[in-house]
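So the structure is just underneath, and the comments pick up after that.
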Amino acid sequence: MRGSLIRALTGALGLITAAAGQLATAGPVAADSVVVGGRPARITDAPWVVALSSRDRFGGTRAGQFCGGVVVAPTKVLTAAHCLGREVLGGEPWEVRDFVAIAGRAALSGHEGQEVRISDAWVNPDYDPTTNSGDLAVLTLVSALPQSYVIGVARSGDAAYASGTEADVYGWGDTTGNGAYASALRTARVQVLPDSACERAYPGGFGVRYQRGTMLCAGDPRGGKDACQGDSGGPLVAKGLLVGLVSWGSGCGQAENPGVYTRVSAVLPEHF
Ligand code: 4AZ
């Protein structure tokens, strides 16, 4: 189960990391690494973070969690388009009968908060699974979450996108780079990095190329703190606003390979 989950979530990434000769599990990761290098997060401090779940598809041990998401309106959740791919879900989103967003719950074994069914999934038509560009989807919930769960979205040009800005990433993903998925929500403090840092790390050729128009580069300049497998679709928050969604990267927590996020301001259509 775990093996197939890792493969499913790695997707195109597994291919580039393998092509680059550096398996995702081979990176140097600090011993206290967790998201990697993070700490437990309280859901009351981050009520906009949701877990995407299907127990049918991913098993009940971790409440079926397979990706993250973020509440941007009472019935709208953003996630990564690659989370809804056929390789991940085994079919189309509407064919996953028990597809839910789990809101208001940090511990996957708990019963706090609520599980809300997903009635519709809009995948960015400009999403390109081979380059990962435009990695964003919008889920519609069958019932509304409280307005207090909603986070604002930074507009393009917002100071939150400036390189050097402190940002927090949230998720239930791998805490080690070795497939140790978190059972409770975690967060790590990273910073928005200049596009040049990701252009240097991901020049294309062998692997996927970083594209500054649709992607956002963030990480820990010293390494150690990062998003990892299973965090995909989850939020990157700066200055109290949503700036990115966990999308891809090579390994986890390596200083020379920052995390790549969907640049939400560039990819989210006006009308959402
Ligand atoms: C993934 O495969 C993934 N270190 C997500 C984030 C990062 C790497 C891989 C960034 O879901």
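The values are calculated or read from the model by the stated rules, or taken from the named source; none is laboratory data. Since the structure is predicted, the reported quantities are computational estimates derived from the model, not experimental observations. Positions of Cβ are backbone-derived with ideal geometry, glycine not excepted, and every protein chain shown enters the neighbour counts. Ligands, DNA and RNA are stripped out before the accessible areas are found, and what is left, the full protein with its side chains, is counted by its heavy atoms. Shrake-Rupley method; radii C 1.70, N 1.55, O 1.52, S 1.80 Å.
For the reader, a short list of remarks on this structure follows.
- Of the residues screened, residue 35 is not one that is aliphatic (A, V, I, L, M) and modelled with pLDDT of 95 or more.
- Positions within segment 171-189 being assigned to a strand (DSSP E or B) and more than 13 Å from residue 218 (Cα to Cα), in sequence order: 171, 174, 181, 184, 186, 187
Listed here are the residues, each with its yes/no results for (1) within 12 Å of the ligand (Cβ to nearest atom); (2) farther than 18 Å from residue 52 by Cα; (3) not aromatic (Phe, Trp, Tyr).
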| residue | (1), (2), (3) |
| --- | --- |
| 232 | yes, no, yes |
| 255 | yes, yes, yes |
| 258 | yes, yes, yes |
| 262 | yes, no, yes |
| 271 | no, yes, yes |
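Residue by residue, here is whether (1) surrounded by fewer than 14 Cβ atoms within 10 Å (Cβ to Cβ); (2) of a type outside the set (Val, Ile, Thr); (3) under 17 Å from the mean Cα position of the chain (by Cα) holds:
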{"residue": "35", "(1), (2), (3)": "no, no, yes"}
{"residue": "52", "(1), (2), (3)": "no, yes, yes"}
{"residue": "66", "(1), (2), (3)": "no, yes, yes"}
{"residue": "70", "(1), (2), (3)": "no, no, yes"}
{"residue": "89", "(1), (2), (3)": "no, yes, yes"}
{"residue": "96", "(1), (2), (3)": "no, no, no"}
{"residue": "101", "(1), (2), (3)": "no, yes, yes"}
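- Residue match in segment 227-236 (condition: over 21 Å from residue 46 (Cβ atoms) and not assigned by TED's automatic domain parsing to the domain that holds residue 71): no
- Test: residue in segment 158-170 that is over 21 Å from residue 255 (Cβ atoms), at pLDDT below 95 and either surrounded by fewer than 22 Cβ atoms within 10 Å (Cβ to Cβ) or in contact with a helix residue (DSSP H, G or I) (Cβ under 8 Å, 6 or more places away or on another chain) (or both): no
- Scanning segment 235-247 for residues that are more than 16 Å from residue 123 (Cβ to Cβ) and within 15 Å of the ligand (Cβ to nearest atom) returns 235, 236, 244, 246.
- Hits in segment 120-169 - residues which are within 25 Å of residue 224 (Cβ to Cβ) and part of a loop (DSSP other than H, G, I, E, B): 132, 135, 162, 163, 164, 165
- Qualifying positions in segment 203-215 - assigned to a loop (DSSP other than H, G, I, E, B) and touching a helix residue (DSSP H, G or I) at 6+ places or on another chain (Cβ under 8 Å): 206, 207, 208, 210, 212, 213, 214
- Residue count for segment 171-195, restricted to those that are open to solvent by less than 50 Å² (accessible area, probe 1.4 Å) and away from the ligand (no atom under 14 Å from the Cβ): 6
- Of all residues in segment 216-253, those satisfying the criterion of being assigned to a strand (DSSP E or B) and within 15 Å of residue 158 (Cα to Cα) are 216, 236, 237, 238, 241, 242, 243, 244.
- Those residues of segment 224-243 which are surrounded by fewer than 24 Cβ atoms within 10 Å (Cβ to Cβ) and within 20 Å of residue 254 (Cα to Cα), in sequence order: 224
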